[in-house]
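Data block below; observations after.
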Amino acid sequence: MKYLKNVFLLQTIFFTFCLLFFSVASVEAKIVFRMGDDICVMNDDGTNRRRLTRNTVSKDHYPRWSPDGKRIAFIRFMDKKRTQTSGELFIMNANGKHLQRLTDDNVGDGYPSWSPDGKKIAFRTRRSGDSEVHVIDLATRNITQLTGLTGAENERGSTAPDWSSDGTQIVYEKFISNRKPNGGGFAAGFAHKNIYLMSADGEDQRPLLPDPKPGAKTITMRFFPRWSADGQRILFYEAQCRIFVQRIGGVAHAIKDIYERLGDNLLTAGACWMDNDRAVLFGLKLTDKPNASYDLYRYEFRTRKLRRLTRDPQDEKWPDWIEGALSVSPQGKLPTQWGEKKQNISQ
């Protein structure tokens, strides 16, 4: 009888261990994003959301996974007003622990991107005066400026860097003056935004797409580029709504399905590749809807499925994806209100 009791006890312990093991290990957070003022994580389908930061006097933006999925870089605006000089660079573990502040200079930092070896972070900062791309070495905390060093008259600043997967190049967003050489021209006081490439050391800076001509009748705005994992394509969006895919040396293609299904009254806040370049993930707001907020959507290239992942009164923006980053314990999860999973979104 004692032997049977011991067997039963061992079986119970083993079953409990398996239940806990499978319930934790089979649920992995792959998406990190901003919700309200905080950084959150969730699964690919929008389930098992978990809040990593809880702010009362600050705002967290632009989270990015480290290449190994163990850490998250993000920008914390130190006041709720989100003034241009209040953004500072932070990193933390993937579970929200071990918070480290990397910059403390009150000059306005933003848009971090890890190097593939996880040793450096490229980011936007105004420490040189204009908004420019810099790189911080995590071991030494030394900061190196990459853009805005030539003194060219048409340079108006650079931002939103993203490192290529092989570590040799950085894609970024550059402001281009619309002023003609003689100082005149249509909308001369405004600047275009174009997508640029450069070597990881700041050399060989060049446009991905041709720069608009000075004095152009329309202002071209291209935003927030992201490298594909294979290094062959770059994702970006134009005029705050249309999402494009540009093959290196090829032609840019708009993802028309999104706009055919949801309409043109859209604002986009962050887009990234996911599922090994088979899908894109983005924050989107329907501006023709009263009291609309930003939600996260997933679009799959092969199936052309468009899936809404979140549905909340708070804004969900700036997503970043990684394969199998963080085991999410069932404890401490946010309630899920992401709604239906549909092949086509009906609004």
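Does LEU266 satisfy the condition of being at pLDDT 95 or above, surrounded by 16 or more Cβ atoms within 10 Å (Cβ to Cβ) and under 24 Å from VAL171 (Cβ atoms)? Talk me through it step by step, then tell me what you get.
Working: at pLDDT 95 or above: no; surrounded by 16 or more Cβ atoms within 10 Å (Cβ to Cβ): yes; under 24 Å from VAL171 (Cβ atoms): yes.
Spelling it out, it is not the case that LEU266 is at pLDDT 95 or above, surrounded by 16 or more Cβ atoms within 10 Å (Cβ to Cβ) and under 24 Å from VAL171 (Cβ atoms).
With a cut-off of at least 3 residues that are crowded, with 17+ Cβ neighbours inside 10 Å and at pLDDT 90 or above, name the strands (runs of 3 or more DSSP E) lying wholly within segment 135-237.
Where strands (runs of 3 or more DSSP E) fall fully within segment 135-237 and carry at least 3 residues being crowded, with 17+ Cβ neighbours inside 10 Å and at pLDDT 90 or above, they are 155-163, 169-177, 191-199, 222-227.
Restricting segment 276-296 to residues that are over 11 Å from PHE33 (Cβ atoms) and in contact (Cβ under 8 Å) with a residue 40 or more places away in the chain, which is farthest from the chain's Cα centre (by Cα)?
Checked segment 276-296; the qualifying residue farthest from the chain's Cα centre (by Cα) is LYS289.
Restricting to segment 246-271, and then to whatever is under 16 Å from LYS305 (Cα atoms) and of a type in the set (A, V, I, L, M, F, W, C), can you tell me which residue is farthest from the chain's Cα centre (by Cα)?
Filtering segment 246-271 for residues that are under 16 Å from LYS305 (Cα atoms) and of a type in the set (A, V, I, L, M, F, W, C), the one farthest from the chain's Cα centre (by Cα) comes out as LEU262.
Looking at segment 121-130, can you tell me whether even one residue there is modelled with pLDDT of 95 or more, among the β-branched types (Val, Ile, Thr), over 18 Å from the mean Cα position of the chain (by Cα) and surrounded by 14 or more Cβ atoms within 10 Å (Cβ to Cβ)?
Within segment 121-130 (the criterion being modelled with pLDDT of 95 or more, among the β-branched types (Val, Ile, Thr), over 18 Å from the mean Cα position of the chain (by Cα) and surrounded by 14 or more Cβ atoms within 10 Å (Cβ to Cβ)), the answer is no, since none of the residues qualifies.
The values are calculated or read from the model by the stated rules, or taken from the named source; none is laboratory data. What you see is a predicted model, and the numbers here were worked out from it, not measured in a lab. We place every Cβ from the backbone using ideal geometry, glycine too, and count neighbours over all the protein chains shown.
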